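Student: The structure follows.
The values are calculated or read from the model by the stated rules, or taken from the named source; none is laboratory data. Computed from a predicted model, the values in this text were never measured in an experiment. Here the Cβ positions follow ideal geometry from the backbone for every residue, glycine too, while neighbour counts run over all protein chains shown. In case anyone asks, the SASA skips ligands and DNA or RNA and just uses the protein heavy atoms, side chains included. Shrake-Rupley method; radii C 1.70, N 1.55, O 1.52, S 1.80 Å.
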Amino acid sequence: MPPFVGSNPLSYGFRHENNNNMDSDSNIVTIDVGGHLFQTTKQTLNQAGSKSLFSTISSNDSIPFIDRDPEIFSILLSLLRTGNLPSKAKNFDIQDLIFEAKFYGVEQLILNSQSNPSQFEPFDLEKSLLLPLTGRDSPTAISTTQNGSVQVAHGCKITSFDWSLKRKSTILTLFPAIDSMLCLNSRTVAVGATDFSGLQVLDLVKGSVKKNLNWENVTKSGSTVQAIGSSGEFLFTSFESSRRNSNCIMVYDVNDDFKPVTKIGHYEIFGAQLDSAIPATKLRWLPSHNLLMSAGSHSGPSGVLGNIKFWDLRSGNTVWEIKENVDCFSDITVSDCLSGIFKVGVHSGEVFLADLRNIGSENTWICLGDQRKVTNGKKEGSGCKIESHGNQVFCTKGGNVELWSEVLIDGSIKGKFGSEDRVFRKNYMGRAKDFCGNRITHFSFGGNRMFVTRKDQQFVEVWQSSIRGF
């Protein structure tokens with residue numbers, strides 16, 4: 001609700017002139033802001049919503065005078081017209097825009113413009129901001145929300161930045177260190193550690209524990225968290241027993257006080273092959289197929305082995321399994337938009353694709369890079385991270401980020417994949433000088449931003465479009 005409601009509008013610098021604002025049949029509205037006249041349409045003003053000051057203006061027959069900054073008003077008017085902030089908005093501090101937007105009752109429109117994924121320009125990203133963290137601990141986990149807010153775990157602390165990145169808060173947790181973290185909404189996160197038992201659901205505003213979740217195997221030993229995932233409706237947690245002789249994936253109902261729904265992938269190492277009981281260290285929900293992807297790997301005498309499984313929650317069975325024994329993944333992700341699984345090989349450091357349209361295929365992986373590196377045994381992909389966002393795949397190599405995009409040729413997707421062709425082209429993201437830094441340890445996407453952390457550094461890099469970002 002705009003701030004003048006229930007008060008005398010004159011106290012907020014808002015008054016009506018005697019001049020006619022519009023003819024009875026006209027759709028044009030004239031507004032005087034700080035001595036500058038603006039003209040627009042009723043439809044544009046009504047984009048602000050019925051509870052905004054703009055809506056009140058559109059229903060008046062006289063020219064209103066508003067004693068506010070005309071330059072910022074022009075930015076907000078442009079926001080109403082296009083749904084996006086104009087490039088000149090970069091000349092103003094985001095807090096000034098938010099303050100004025102609150103006066104007019106359109107703060108939510110600024111939030112939407114800054115968190116709109118369609119405004120994410122992967123080929124135009126630049127490092128625009130550094131978010132400092134309290135203390136000497138480097139980030140160990142990072143998670144974001146759709147509106148562009150970000151939570152960072154460092155040591156026993158979690159530091160949160162709101163969508164404007166101007167408001168910052170830090171809470172202490174009961175974990176000496178946090179290895180896994182997932183934002184469930186702007187004020188709630190799920191956290192766990194590989195060396196300390198239990199999963200905790202935290203209220204970031206109150207700094208308190210909302211729920212403690214645990215899994216016990218047949219020996220009743222504690223369990224540590226290896227990975228966390230979510231479908232919106234369900235929370236998925238990969239647990240491994242403290243003795244490391246069993247593991248499973250627990251499914252909790254987010255909307256029913258995190259009550260357990262089911263358990264899948266329960267493995268006991270006793271009498272089983274070691275590679276059949278690898279705990280999942282990555283969980284991703286695939287909405288188009290209603291499947292949960294779990295992936296895990298371990299290093300042994302025969303090299304790095306792993307498995308990737310797709311689970312049907314209703315039956316609790318796997319519908320597709322990929323065993324990794326040649327150039328096992330260093331990291332892996334799945335993309336609905338690109339209908340594919342993407343991994344970075346631990347030996348080659350190259351990016352591979354498995355087409356989801358060919359679920360169950362024997363010849364699963366296609367190397368998008370240099371196939372000759374697959375058997376080099378050098379572990380060039382160790383420490384590399386890979387994630388998908390929209391129609392792109394991002395893969396870190398040391399301090400650099402590779403950006404992979406699918407190429408359309410003659411209206412179709414080209415490349416060798418059975419009878420179909422697909423081609424992906426590699427680019428390097430951002431400017432070369434922006435990558436002069438330590439190895440990238442984590443990155444995540446929120447709204448139209450990319451957040452990056454590096455080894456031994458106590459801050460978070462914010463990457464945004466050079467046109468739209470602040």
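Student: Have a look at VAL225, VAL201, VAL218 and point out the one that is open to solvent by less than 20 Å² (accessible area, probe 1.4 Å), farther than 24 Å from VAL334 by Cβ and out of contact with any helix residue (DSSP H, G or I) (no Cβ under 6 Å at 6 or more places or on another chain).
Tutor: Going through VAL225, VAL201, VAL218 in turn, the sole match is VAL201.
Student: Okay, moving on. If you go through the stretch 204-215 one residue at a time, how many are open to solvent by less than 50 Å² (accessible area, probe 1.4 Å), assigned to a loop (DSSP other than H, G, I, E, B) and farther than 18 Å from LYS157 by Cβ?
Tutor: Qualifying residue count for the region: 1.
Student: Do we find a residue being assigned to a loop (DSSP other than H, G, I, E, B), more than 17 Å from ASN255 (Cα to Cα) and touching a strand residue (DSSP E or B) at 6+ places or on another chain (Cβ under 6 Å) anywhere in the stretch 188-196?
Tutor: As a first pass, look at the stretch 188-196 and keep what is assigned to a loop (DSSP other than H, G, I, E, B): 193-196.
Next, from what is left, pick out any that are more than 17 Å from ASN255 (Cα to Cα): 193-196.
Subsequent filtering for residues that are touching a strand residue (DSSP E or B) at 6+ places or on another chain (Cβ under 6 Å) retains 194.
Scanning the stretch 188-196, I find at least one residue that is assigned to a loop (DSSP other than H, G, I, E, B), more than 17 Å from ASN255 (Cα to Cα) and touching a strand residue (DSSP E or B) at 6+ places or on another chain (Cβ under 6 Å), so the answer is yes.
Student: Next question. How many residues are open to solvent by 30 Å² or more (accessible area, probe 1.4 Å), within 16 Å of SER223 (Cα to Cα) and of a type in the set (Ser, Thr, Tyr) when one looks only at the stretch 165-186?
Tutor: Total satisfying the criteria: 0.
Student: Please verify whether the stretch 342-356 includes one or more residues that are within 21 Å of SER231 (Cα to Cα) and without any contact (Cβ under 8 Å) to a residue 24 or more places away in the chain.
Tutor: The answer is no, given that none of the residues of the stretch 342-356 is within 21 Å of SER231 (Cα to Cα) and without any contact (Cβ under 8 Å) to a residue 24 or more places away in the chain.
Student: Do you know which of the residues in the stretch 435-466 that are among the small types (Gly, Ala, Ser) and outside any loop (DSSP other than H, G, I, E, B) is farthest from the chain's Cα centre (by Cα)?
Tutor: SER465
Student: Still on this structure: Scanning for something open to solvent by 30 Å² or more (accessible area, probe 1.4 Å), over 30 Å from SER78 (Cβ atoms) and outside any strand (DSSP E or B), does the stretch 101-123 turn up at least one residue?
Tutor: no
Student: Continuing with this model, one more query. Among the numbered criteria (1) under 30 Å from the mean Cα position of the chain (by Cα); (2) farther than 25 Å from GLN146 by Cβ; (3) open to solvent by less than 50 Å² (accessible area, probe 1.4 Å), which single criterion is violated by LYS88?
Tutor: (3)
Student: Considering only the stretch 254-354, give the strands (runs of 3 or more DSSP E) lying wholly within it that have at least 1 residues that are closer than 26 Å to LYS373 by Cβ.
Tutor: 282-286, 291-300, 303-312, 317-324, 329-335, 340-345
Student: Given the criteria under 30 Å from LEU97 (Cα atoms), part of a strand (DSSP E or B) and modelled with pLDDT of 95 or more, does THR159 qualify?
Tutor: Working: under 30 Å from LEU97 (Cα atoms): yes; part of a strand (DSSP E or B): yes; modelled with pLDDT of 95 or more: yes.
For THR159, the condition - under 30 Å from LEU97 (Cα atoms), part of a strand (DSSP E or B) and modelled with pLDDT of 95 or more - is met.
Student: Right, here's the next one. Just give me the residues in the stretch 380-392 being in contact (Cβ under 8 Å) with a residue 40 or more places away in the chain, part of a loop (DSSP other than H, G, I, E, B) and surrounded by 18 or more Cβ atoms within 10 Å (Cβ to Cβ), in sequence order.
Tutor: GLY381, GLY383, CYS384, LYS385
Student: Exactly one condition in (1) out of contact with any Cys (no Cβ under 6 Å at 6 or more places or on another chain); (2) surrounded by 20 or more Cβ atoms within 10 Å (Cβ to Cβ) is not met by VAL189; state its number.
Tutor: (1)
Student: Scan the stretch 251-267 and tell me whether some residue there is among the aromatic types (Phe, Trp, Tyr), without any contact (Cβ under 8 Å) to a residue 60 or more places away in the chain and over 30 Å from ASN185 (Cβ atoms).
Tutor: yes
Student: Every residue in the stretch 106-158 that is without any contact (Cβ under 8 Å) to a residue 60 or more places away in the chain, among the charged types (D, E, K, R) and touching a Gly at 6+ places or on another chain (Cβ under 7 Å), please.
Tutor: LYS157
Student: Here is a list: ARG81, ARG68. Which entry is touching a helix residue (DSSP H, G or I) at 6+ places or on another chain (Cβ under 7 Å), open to solvent by 70 Å² or more (accessible area, probe 1.4 Å) and closer than 26 Å to ILE28 by Cβ?
Tutor: Testing whether each residue is touching a helix residue (DSSP H, G or I) at 6+ places or on another chain (Cβ under 7 Å), open to solvent by 70 Å² or more (accessible area, probe 1.4 Å) and closer than 26 Å to ILE28 by Cβ leaves just ARG81.
Student: Mind listing whichever residues of the stretch 355-373 are of a type in the set (A, V, I, L, M, F, W, C), open to solvent by 40 Å² or more (accessible area, probe 1.4 Å) and not in a strand (DSSP E or B)?
Tutor: Restricting attention to the stretch 355-373, the residues satisfying the condition of being of a type in the set (A, V, I, L, M, F, W, C) are 356, 359, 365-368.
Those still in the list that are open to solvent by 40 Å² or more (accessible area, probe 1.4 Å) too: 359, 365-366.
The answer is ILE359, TRP365.
Student: Another one. Hey, could you check the stretch 38-59 for residues that are free of Cβ contacts under 8 Å to residues at least 24 places away in the same chain and either of a type in the set (A, V, I, L, M, F, W, C) or in a strand (DSSP E or B) (or both) and say which is surrounded by the fewest Cβ atoms within 10 Å (Cβ to Cβ)?
Tutor: It comes out as GLN39.
Student: Here's another thing I want to ask about it. Output the residues belonging to the stretch 311-347 that are touching a helix residue (DSSP H, G or I) at 6+ places or on another chain (Cβ under 8 Å), open to solvent by less than 10 Å² (accessible area, probe 1.4 Å) and within 16 Å of SER299 (Cβ to Cβ). I'd like the intermediate steps shown before the answer.
Tutor: Applying the first criterion (touching a helix residue (DSSP H, G or I) at 6+ places or on another chain (Cβ under 8 Å)) to the stretch 311-347 yields 323, 334, 339-341, 345, 347.
Filter again for open to solvent by less than 10 Å² (accessible area, probe 1.4 Å), leaving 340-341, 345.
Correct list: GLY345 only.
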